Amino acid sequence: MEEPLKVNEALKDPDWLNAMQEELNNFKRNDVWTLMKRPDHCRNVIGTKWIFKNKQDESGTVIRNKARLVAQGYSQVEGVDFGETFAPVARLESIRILLAFASHHGFKLQQMDVKSAFLNGPLHEEVYVKQPPGFEDPHFPDHVFKLKKALYGLKQAPRAWYEHLKELLEDRGFEVGKIDPTLFTKKVNGELFVCQLYVDDIIFGSTNTKFNDEFAMLMTNRFEMSMMGELKYFLGFEIKQMRQGTFINQAKYLQDMLKRFDMKDAKGIGTPMQLKCQLTLDEGGKAVDTKLYRSMIGSLLYLCASRPDIMLSVGMCARFQASPKESHVVAVKRIFRYLVDTPHFGLWYPRDTDFSLVGFTDSDWAGDKVDRKSTSGACHFLGRSLVCWSSKKQNCVSVSTAEAEYIAAASSCAQILWMRQTLRDYGLEYSKVPLLCDNESAIKIAYNP
């Protein structure tokens, strides 16, 4: 149940020792490295470190111990140990669009987790790492490992894994998304198979269950899988797929967050922020722990992935992270109290006949009392499923309500264009998408070329 902090502690515990041995066995099976004599002194040899983690399910029960050997990538030298490092990662909007699409078409999504995924990505650079702590070869203690495949912690590891998987799927007839490179689709006899990647987590589904079985067979033949089955828990989201639709929330994440900040027993309240609340710099106020404040804001921002009701409140509090004061902490704690009162709120994606794309946009005018900038708000629906939303302070100072509303509409329009292109990969074409705005002047400006 406890995660050891040092290698020596883990080596004394048979459960953690087994987990470490399992990780090294994965290296052997995947032919990750070769033990060899240390190269000349000009070569950089990267250190390695053990990371110990308890893997939990959605109810918080520890299901297995995970020991991961990682490379200390901070000591890598650019141009010697790595070149390109960028690897695409799915946007949370993409995940929600897929959930809404699956719910609308009445099929259940599956998930799989590739075991030690990064160990499958071939390396193009010459990289050397030290032997794992506690598992040094007694006959060759000064030898090092030359890597054939990527190791967790290396800067280029996510890219190597993505390129390897992309190549495999393209060889099997899958098409990469035109605008979302983590989305893979395949059409057979008018039926669509969809696969979405989030690093080593894979969500997939189809209107034809036969395609799911074929894809699962392809992946299990090529890689080792540590988890497969119906999509229930993903990136902190709890997903309930039912006949009437799909429900998403982050109840477990929320409970862990409240416990972490000692707010679990706080008195609940009905709203996340006071009506017409005006937060200022409060330069005369009492300073608070900056690290704690930023940690609270960061945790809340991730909760916004399924809770649009707190988006505006969290965004307003996030503006004061540079120098937070006691009044700002009070505002943040009010959001926590609201979450205590509404722990099971989430998003409902009904199985509906309508699946049209529509956007709504709004803005205040000079709402920020510090720099007089306006705040844009937008939300986008697929039928009755809310898949995208935002609440963001504008970059410039607007001199009229029309300008503030027009800037908000322009930002929302950019999001709609991205969504429209993404939905084309699903085989859905939207020629005209309505964008609703409540300012007559902004609408007239938009119509005037």
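The values are calculated or read from the model by the stated rules, or taken from the named source; none is laboratory data. Note that this is a predicted model, so its numbers are computed, not measured. Here the Cβ is made from the backbone with ideal geometry for all residues, glycine too, and neighbour counts use every protein chain on show. Keep in mind that these areas ignore ligands, DNA and RNA; they rest on the heavy atoms of the full protein, side chains included. Shrake-Rupley method; radii C 1.70, N 1.55, O 1.52, S 1.80 Å.
Structural remarks
- Tilt relative to the chain, helix 92-105 - C-alpha long axis, 0 to 90 degrees, to 10: 80
- Heavy-atom accessible area order for Ile416, Ile407, largest first, 1.4 Å probe: Ile407, Ile416
- Taking Gln111, Gln250, Gln278 as the candidate residues, the one with maximal mean-square fluctuation in a Gaussian network model of the chain, Cα springs under 10 Å, is Gln278.
- Note on the range 340-449: with neighbouring protein chains present and a 1.4 Å probe, carbon and sulfur make up 56 percent of its accessible heavy-atom surface.
- Carbon + sulfur, % of accessible area of the range 235-278 - ligands and nucleic acids excluded, 1.4 Å: 51
- For the range 432-449 versus the range 150-164, the gap between their alpha-carbon centres in whole angstrom: 45
- Extents of the range 372-449, largest first, come to 42, 26, 20 Å (Cα atoms, principal axes, whole angstrom).
- In the context of the full set of protein chains, residues of the chain present 51 Å² of accessible surface per residue (probe radius 1.4 Å, heavy atoms only).
- Helix axis angle, 157-171 relative to the chain longest principal axis, alpha carbon, degrees: 90
- The listed residues Tyr128, Tyr253 rank as Tyr253, Tyr128 when sorted by accessible area, largest first, using a 1.4 Å probe.
- Converting phi to 3J(HN,Hα) with the Karplus coefficients 6.51, -1.76 and 1.60 and the offset θ = phi - 60°, the range 437-443 yields 9, 9, 10, 4, 5, 4, 5 Hz in sequence order, with x at every glycine or proline.
- Area of Leu301 that stays accessible when all protein chains are in place (1.4 Å probe, Å², to 10): 80
- The chain: angle of helix 209-222 to the longest principal axis, Cα-based, in degrees nearest 10: 40
- Solvent-accessible surface ranking, highest first, for Leu183, Leu35 at 1.4 angstrom: Leu35, Leu183
- Rounded percent of accessible protein surface that carbon and sulfur make up, the range 81-188, 1.4 Å probe: 49
- Low-density loop cleavage sites - GluC sites (Glu not before Pro) in the range 221-328, where at most 11 other Cβ are within 10 Å (DSSP): Glu283
- Look at where the Cα atoms of the range 284-363 and of the range 262-279 average out, and the two centres are 11 Å apart.
- Rounded if a/c under 1.5, otherwise prolate or oblate - the range 85-128, Cα gyration tensor axes: prolate
- Cα convex hull volume per residue for the range 216-355 (Å³): 176
- Positive end of the dipole of the range 147-214 (Cβ unit charges, origin at the Cα centre): among Gly205, Thr182, Pro158, the Cα lying farthest that way belongs to Pro158.
- Counting only lysines at least 8 places from Lys291 when in the same chain, those with an alpha carbon closer than 19 Å to its own are Lys259, Lys325, Lys333.
- MRE, 222 nm, helices only [DSSP H, n ≥ 4, -39500 (n - 2.57), over the chain, to nearest 500]: -10000 deg cm²/dmol
- Loop-located trypsin sites (Lys or Arg not before Pro) in the range 10-57, at most 12 other Cβ atoms within 10 Å (DSSP): Lys12, Lys37
- The range 123-265: C-alpha gyration tensor shape, a/c 1.5 cut-off, then a/b vs b/c: oblate
- Within a Gaussian network of the chain (alpha carbon springs, distance under 10 Å), most fluctuating of Ser226, Ser103, Ser306: Ser226
- Of every Cα-Cα pair in the chain, the percent that sits beyond 28 Å: 61
- Our note on the geometry: Cα centres of the range 24-50 and the range 181-227, 33 Å apart.
- Maximal additional length on extending the Ala251-Glu84 stretch stands at 56.3 nm, based on 0.36 nm per residue less the C-alpha distance.
- Pairs beyond 25 Å (Cα-Cα), from Lys66/Lys232; Lys37/Lys149; Lys240/Lys267: Lys240/Lys267
- Cα shape, the range 311-420, gyration tensor, a/c 1.5 rule: oblate
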